[in-house]
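Reading through the structure tokens given below for one structure.
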Amino acid sequence: MDYINSNKEAWEEAFEHRAPGWCGDIVKRLQEEPYPFLKTELIEEFKKVDFTNKTVGQFCCNNGRELLSLMKFGAEKGIGFDIAENMVAWANGIARETNMKCSFIATNILEIDESYHNSFDFILITIGAITWFEDLRALFRKVFLCMKENGVLIINDMHPVTNMLAFMGEDNFDEKVPNKMINSYFKQDPWVENHGMGYMCQEAYDSKTFYSFSHTFSSVFNSVILNGLTLIRLREFQHDISNSLAHLENQGIPLSYILVARK
Ligand SMILES: C[S@@+](CC[C@H](N)C(=O)[O-])C[C@H]1O[C@@H](n2cnc3c(N)ncnc32)[C@H](O)[C@@H]1O
């Protein structure tokens, strides 16, 4: 199964189906808000970093909104990578319009060109990115190769425990028991979905196929450290960053996390 190519086509189709208002105000928000499109805990982490003269990168950057916002912390240069060609073209247009020193490259992360190796002081990976990779060791190998010595990686994602839950709107969601654990934490086979990409498109449609993968916390952690990165900080939160699990916030269930590691 060529899951990477299928995901490329499905994500490009999702961008074509994006809701009319989705990020339509990006230029205005970048100009008027200090750090739009960034979660509160990420802003806290970024405030601990001196971005002066630094090159920052984002893997699976989607339409670039988070990286463009991160640039407002004062980095010298930003480069975002995403497999969806139409998103990357759109993001480059926004970077030009806002005059930000940011560019976007269309590529499968696992095939990022060697010319980007040893290039980044800082790499960002946000919610919903690592799930597209079956082999996390290969993903974090690429992170390691692209980072300079002492470079910092920050991941902000949904907690792996959330893979066990049914999401509102899914067939097996039980509103009487919304915290019911219905999937194995150790699920090996991919999630196979054809209902579009809700957070961008709002309305479901018969989409091309998305293939994604569950990863346990230990597989994320081990793939990072076995690739030569040193763990600096791990934070777990009881609040939702997915806009899908707000009804489970502050009930003792880990919903999101931040991992900080250094090369
Ligand atoms: C959920 S977004 C993550 C970024 C951001 N947090 C967001 O919510 O928009 C996932 C992105 O991963 C990209 N993607 C999926 N597989 C990829 C791959 N193999 N290489 C590069 N990008 C990939 C998709 O095109 C999509 O833009």
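For the chain, the C-alpha radius of gyration sits at 0.97 times the compact-globule guess of 2.2 N^0.38 Å, with N the residue count.
In the calculated pair-distance distribution of segment 51-138, the portion above 18 angstrom amounts to 39 percent of the Cα-Cα pairs. Size descriptor for segment 136-228, Kirkwood hydrodynamic radius: 15.7 Å (Cα pairs only, one decimal).
Its relative contact order, with pairs defined as Cα atoms under 8 Å and 6+ residues apart, puts the chain at 19 percent. Straight-distance candidates among the aspartates and glutamates for linking to residue 72, with alpha-carbon spacing under 13 Å and chain neighbours fewer than 8 residues away dropped: 32, 33, 50. Summary of the geometry: segment 211-235 and segment 1-53, compared by the centres of their Cα atoms, lie 22 Å apart. When only the Cβ of Lys, Arg, Asp and Glu is charged (+1, +1, -1, -1), the dipole of segment 3-262 relative to its Cα centre reaches about 880 debye.
Counting only helical runs of four or more DSSP H residues, what would the 222 nm mean residue ellipticity of the chain come to if each run contributes -39,500 (n - 2.57) and the total is spread over all its residues?
Taking each H run of at least 4 residues, the total per residue is -7500 deg cm²/dmol.
Each residue of segment 219-231 was assigned a 3J(HN,Hα) from its phi angle through the Karplus curve 6.51 cos²θ - 1.76 cosθ + 1.60 (θ = phi - 60°); the sequence is 6, 5, 4, 5, 5, 5, 6, 6, 8, x, 9, 9, 6 Hz, with glycine and proline shown as x. Partners of residue 187 within straight-line reach, counting lysines whose Cα lies under 29 Å from its Cα and excluding those fewer than 8 residues away in the same chain: 8, 39, 142, 176, 208.
Residue-wise HN-Hα couplings along segment 153-163, as the Karplus relation 6.51 cos²θ - 1.76 cosθ + 1.60 with θ = phi - 60° gives them from phi, are 10, 10, 10, 10, 9, 5, 5, x, 4, 5, 5 Hz; Gly and Pro carry x.
Each reported figure results from applying straightforward, stated rules to the coordinates on display, with no laboratory input. All values derive from a computational prediction rather than experimental measurement. FYI the Cβ positions are ideal-geometry reconstructions off the backbone, even for glycines, and counts take in every protein chain you see.
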